[in-house]
Amino acid sequence: MSSPTSSASSPPSRSACAPVPRTSAAGTARGPTSGIGRAMAMELARRGLNVVLVGRDPAKLREVAAAIVRSHSHKGVRTKTVVFDFSLVSTVQGDKVMTMLREVVEGLDVRVLVNNAGVAKPGAMYLHEVEVDTLMRMIWVNVLALMKVTAVVLLGMAERGRGAIFNIDSASAEALPSFPRPSTLSTPAPKHMLFSSGLSVEYRSKGIDVQCEVPFLVETNMIPRAMKDIFLPQFVVTPEDYARRVCVPNMAHRVQFLAMRFTPDFAFNWYRLRLHLQQRTIFQSWRNHESQLIRTTYLQALSKITTSKSITISIIVQGKSVTNDLSKLQPTQAHIMNYMKNNLPHMHIILDEENIQSAARVRMGGVPAAAAADLRQQEPPWPFVALVIIGAIHVAALAFRLVSHLSLCLRRPRDLRRRYGAWAVVTGPTSGIGRSMALELARRGLNLVLVGRDPAKLHDISETISKLAHAAVGTRTVVFDLALASTAEGDEALRRLREAVAGLDVGVVVNNAGVARPCAVYLHEADVEAWVRMIRVNLWAVTEVTAAVLMGMVARGRGAVVNIGSGSTEAIPSFPLYSVYAATKRYIAEFSRSLYVEYKSKGIDVQCQAPLFVATNMTSGVAKAADDAAAAAAKRSKRRQRWLSPLFVPSADAYAAAAARWIGHGAVCMPNLCHRLQWCVSRAVPDAVHDRVRLRENLRQRAVFQRLRRRPPPPDATEGKDRWLMGSLGVSALSSLMSDELRCMDRWVSHSRVVAVMRSF
Ligand SMILES: NC(=O)c1ccc[n+]([C@@H]2O[C@H](COP(=O)([O-])OP(=O)(O)OC[C@H]3O[C@@H](n4cnc5c(N)ncnc54)[C@H](OP(=O)(O)O)[C@@H]3O)[C@@H](O)[C@H]2O)c1
């Protein structure tokens, strides 16, 4: 990573706009000069905006900047470039570049931010086949960098009281029930959706419009050319078309969206899994092909060396220069590089420009193209049309769902020990839902591996379990501060966890640990360290722990993974002032949904449980904060409080009893009956109403939190009062009954607001 540079003299802040397209950067995208990012930058320049380009490759940034200046110099458009490798965002270098980026945007009247950078590597693979580093890199680029850059730009926008933010997401999150190809690609992306809707509500009153774009297939490097043919060409749009119509819904995408909405989940799951497994085959043959290609070129290069002592050659892999950096290469390529280094120590390695081009030609004409042709033959000719027809049986599918749901509620609970295995791993078992889950699983005869950060609390819960009269179960404890996930200490703790479960018949994993702090704050007010900690606990740790135990489950051919998400991602469209929390929980939902499809055939049930409010430490903090309202509510009706509060806010024990019963039934569920009822009602409420009510509530919380920071909280908040508060918060979100169509209309209304903003430039 290097420092920011200017490719043209920076303009002084001018009343005309200075947009900041953050062009695509890392991973499989071929740098910032291609795809949607480039097209968006050109489009914004066409509309007369100065452009700051943020990407990792200085040469390519310069090239885009030059192209912009060349095409739009008559409009006085200028550019700046900031070199930023988003995959290094959580390093010291990343912090330095963030500081520089802050300095660059500080002097500018930034009106538009386009968060486009995204990584889709490692393509179609099962989670346990992917290296943890690759997963983490993807999370840094797709999640952390997005949030950090947004926070930096928002500060200025909030001060000036105007701006627009476009987060480029993926339709895989909105239209498809799952995306089993790389669940890791589809998981960070949908976070944009919830993150954006949260921000949109938070910042609308400050004059800032936030919108999440959900494109379907756009003809960029992210969709390998050989695979494009398997879709109908009418449905794949060019990046330029996409960028031109970014504020006008693209009809081709809209049609696909509607078709898919009316297709039942099971049909789609079947279709996508089949398609992605075929893609996986293509990718595998591709890698194989690529290493053969390098071998061949290496032999060609060797023949040229006889006349020269030293020859400088660089390898280009999928458009990226990876000269001499073994750590970035695939094992097969690294092997070849090593071989060459050992045998020819005086030379840098391979391929000249000519060979690269022929390499590209061979790649297009070789195995992948053949595999794609194969795929075309196997696919039905009109997949999308077929899906629209399948939509006709939607009503039948709904009826089927209803019946299976009812039968699930009535059936006897599963014997978890016999079905999945004798041990369960529970993270965060020291309080709240985790503690109750651990006790419930122990009551059902499962031995427990308890993972938490406080040894004393772990000892305490372990003792409590061993004293359970009717359960002779064993326990093990692993001290793991999940906020350190993916650091050296975290890796060490993960190793200890692996050791603790090695050789055990681990049948159930409950990824429960989670944090919701910082509570009720605007993104730009929050302490960055705090939400990075939240992301580590709620998101990275879940990924790491799941990957660590899945291997054994796959070997045994059975298991259940339960990830505790949140109803805030399922029942309501946004959770303003808790944007990062909601986004991490959306990750959990998408992660689980896709893993569910991936691992079903391997005998493993993956599930996201999405509770609404449960009476635990997490919610009692919020309830205490809303103490004033509680007093008023309590005065209004004490009798109503007695029966309403447990109805809306179950205790952790009641939640755990229902949760254990639901293990293995469905990809995403809301185990508690009262939560499900709230969910049903909430679905009928238009987004705009939800947004308004939720923002009002959370702003009230924010005000109380700010007061509480100045004085100690009242000591006598009772549990009943907390529960009533939570109940009132839940009920307040359900204030009117409207249909799904109204939601769509509402989205169109907010969409047209952004259109208006764009047109005003
Ligand atoms: N309560 C609700 O209304 C609600 C609603 C929706 C979703 N959820 C989700 O349910 C899960 C459990 O929440 P809860 O309500 O039971 O909250 P809680 O009572 O605060 O319990 C959180 C648990 O996570 C552990 N934990 C937190 N940070 C950790 C870290 N860095 N390393 C290791 N362990 C850590 C805590 O350990 P310590 O005891 O050491 O702090 C505690 O055991 C969370 O994922 C939450 O997001 C809760």
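The values are calculated or read from the model by the stated rules, or taken from the named source; none is laboratory data. All of these numbers come straight from a predicted model, not from anything done at the bench. Cβ placement follows ideal geometry from the backbone for every residue including glycine, while neighbour counts extend to all protein chains displayed. All accessible areas refer to the heavy atoms of the entire protein, side chains included, with ligands and DNA or RNA removed. Shrake-Rupley method; radii C 1.70, N 1.55, O 1.52, S 1.80 Å.
Points to keep in mind about this one:
- Spin-label model, K467/W270: points 7 Å from Cα along the beta carbon direction are separated by 5.3 nm.
- For K80, the solvent-accessible surface with a 1.4 Å probe is about 30 Å², rounded to the nearest 10.
- Above-threshold pairs, the threshold being 28 Å between Cα atoms, out of K60/K96; K148/K585; K457/K602; K148/K602: K457/K602; K148/K602
- Efficiency of FRET from Cβ geometry, Q93 and D460, R₀ 41 Å, rounded to 0.05: 0.45
- By a 1.4 Å probe calculation restricted to protein chains, H665 has an accessible surface near 20 Å², given to the nearest 10.
- In this structure F266 has an accessible area near 120 Å², from a 1.4 Å probe over the protein heavy atoms.
- Shown is the FRET efficiency for L277 and I393, computed with R0 = 25 Å from the Cβ-Cβ distance and rounded to the nearest 0.05: 0.55.
- Using a Förster distance of 35 Å, the FRET efficiency for A684-R412 (Cβ separation, nearest 0.05): 0.60
- Volume per residue that the Cα convex hull of the stretch 477-585 spans, once the total is divided by residue count, Å³: 99 Å³
- Net length gained if the chain between F400 and K206 were fully extended (0.36 nm per residue, minus Cα distance): 65.3 nm
- Added length on full extension, which subtracts the Cα-Cα distance from 0.36 nm per residue, K600 to H665: 22.3 nm
- The candidates L484, L53, arranged from most to least accessible area with a 1.4 Å probe in the full protein assembly, appear as L484, L53.
- For S486, residues with placed amide H under 5 Å, excluding near neighbours: D491
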